[in-house]
1. Going by average Cβ density within 10 Å per residue, which order do the peptides 97-107, 155-165, 10-20 take, highest to lowest?
2. Any chance you could run the full-extension gain for Phe14 through Glu84? It's 0.36 nm times the residue separation minus the Cα-Cα distance, nm to one decimal.
3. Any chance you could list P(r) for segment 1-139, counting all Cα-Cα pairs in 10 angstrom bins from zero, rounded to whole %?
4. Quick one: dipole size for segment 59-199, taken about the Cα centre, charges +1 on Lys/Arg Cβ and -1 on Asp/Glu Cβ, in debye to the nearest 20.
5. Please give the Cα centre distance for segment 43-104 versus segment 117-155, rounded to the nearest Å.
6. Considering only Cα-Cα distances, which of the following residue pairs are longer than 30 Å: Lys27/Lys201; Lys27/Lys146; Lys85/Lys159; Lys53/Lys85; Lys53/Lys159; Lys7/Lys98?
7. For a label point 7 Å from the Cα of Ser144 along Cα→C-beta, name the residues of segment 168-183 whose backbone N is under 17 Å from it.
8. Could you tell me how many degrees, from 0 to 90 and to the nearest 10, lie between the Cα long axis of helix 89-106 and the main elongation axis, the longest principal axis, of the Cα atoms of the chain?
Amino acid sequence: IAYAQEKGGGRLVFFDERLRGMYERRKYVLEQVRRGLEEESFEVYYQPVFSVKEGRFTTAESLLRLFDENGVLISPGEFIPLAEKNGLIDEISWLVLKKVCQFIGEHPALPLDSVSINMSIQQLTDRNFARRVHSCQAQYGVPSGKLRFEITERTVSEKPALVNAVMAQLAAEGICFYLDDFGVGYSNLASMINLPFETVKLDASLLQ
């Protein structure tokens, strides 16, 4: 029924082996997501960003990875939409923040100016967002300047006034923001220009 509703048009859908396999796969991936949260077994990889001007790796982007109980990688493109649909993305995002702060705290000599983290709309609109960020920083001894938060146009456009207020507060404390995937059509440059973004990351569609 859910599949038929997703496809729309009042169409008939036959529950065949292909559909059975698809739903069994979704169920399995969702179980692995919940296991990853319960055991905190999600892994964070760090993609370094090279500064041509300075001739060195200056920052890194945190990338979330999930391996199932057999050690097989599950693509973020597969598990993140399921996590969003089932209300788990907020919990995952807070776990990533914790792991990144722990990593920075345990490697104070790492020659990176900052590490960026993707933030969800649920996090940014949480009234306790700033407090939770500060708590995580204090726990692992992470200066504000070491963190960068990446948010998408969609996040900004859903609740612009609230997001703007949160961004202004944290930017004043030294936490800078990246605008991710700019150009996918949720907004335009005019609506973004007054927000405190340090970096704009262009969506590949603009280059194509």
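1. Numbers: 97-107: 17.4, 155-165: 15.3, 10-20: 8.7.
Ranking, from highest mean packing down: 97-107, 155-165, 10-20.
2. On the way: separation 70, 0.36 × 70 = 25.20 nm, distance 2.65 nm.
Contour length minus the Cα-Cα distance gives 22.5 nm.
3. Percent of Cα pairs in each bin: 10, 32, 29, 18, 8, 3, 0.
4. On the way: 11 positive and 17 negative charges, 83 e Å.
It comes to approximately 400 debye.
5. Computed from Cα coordinates, the inter-centre distance equals 14 Å.
6. Check vs 30 Å cut-off fails for Lys27/Lys201; Lys27/Lys146; Lys53/Lys85; Lys53/Lys159; Lys7/Lys98.
7. Once the point is set 7 Å along Cα→Cβ of Ser144, 168-178 turn out to lie under 17 Å by backbone N, inside segment 168-183.
8. Taking the Cα atoms of the chain, the angle to 89-106 is about 40 degrees.
The values are calculated or read from the model by the stated rules, or taken from the named source; none is laboratory data. Model, not experiment: these values are computed from the prediction. For neighbour counting, all protein chains shown are included, and Cβ atoms are generated from backbone atoms with ideal geometry for every residue, glycine included. In case anyone asks, the SASA skips ligands and DNA or RNA and just uses the protein heavy atoms, side chains included. Shrake-Rupley method; radii C 1.70, N 1.55, O 1.52, S 1.80 Å.
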